[in-house]
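Taking it in order: structure first as structure tokens, then the write-up.
The values are calculated or read from the model by the stated rules, or taken from the named source; none is laboratory data. Just so it is clear, the model here is predicted, and its values are computed rather than measured. Please note: Cβ atoms are built from the backbone with ideal geometry, for glycine as well, and neighbour counts cover all protein chains shown.
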Amino acid sequence: MPIIHEVATMTAKGQITVPKPIRQALGADTGTKVTFELHENGQVVVSRADAEHEDPSIRAFLDLIEKEIEAGRGVEKIPDDVAQRMLEHAELDIDLDEPIEGDVDL
């Protein structure tokens with residue numbers, strides 16, 4: 001038996017408002033990221049996204065740098081083209097809360 005049982009209605013855009021008792025239980029406020037896990041039995045688990053749910057490509061990049069440093073090679077210079085692309089992306093004004101339009105392949 002669940003601790004809290006709430007019902008939410010999905011909009012035409014596929015959006016729902018997380019019910020207040022659930023937000024309170026998660027400690028979720030404006031801007032808090034949440035994860036959705038779909039299990040084989042059809043159950044969906046919603047939880048607060050913490051640092052452990054980070055972008056896997058960033059994690060792989062950081063792991064690569066860590067291995068280079070541990071191997072004594074260090075990271076002396078990032079290639080100019082890579083540095084330029086990093087700077088270009090750092091300057092982008094991206095609203096992560098903006099709804100995604102169109103089809104998305106997951």
Residue check for Gly102: at pLDDT below 85, in a loop (DSSP other than H, G, I, E, B), at positive phi and more than 22 Å from the chain's Cα centre (by Cα): no
Filtered residue count, the stretch 1-46, keeping only those that are closer than 20 Å to Asp97 by Cβ and touching a helix residue (DSSP H, G or I) at 6+ places or on another chain (Cβ under 6 Å): 1
Residue within the stretch 26-39 that is in contact (Cβ under 8 Å) with a residue 12 or more places away in the chain, small (Gly, Ala, Ser), assigned to a loop (DSSP other than H, G, I, E, B) and surrounded by 12 or more Cβ atoms within 10 Å (Cβ to Cβ) present: yes
Close pairs (9 angstrom Cβ cut-off, 6 or more residues apart or separate chains): of a type outside the set (S, T, N, Q) in the stretch 9-22, not in a loop (DSSP other than H, G, I, E, B) anywhere: Val18/Leu26; Val18/Val34; Val18/Val46; Ile22/Val46
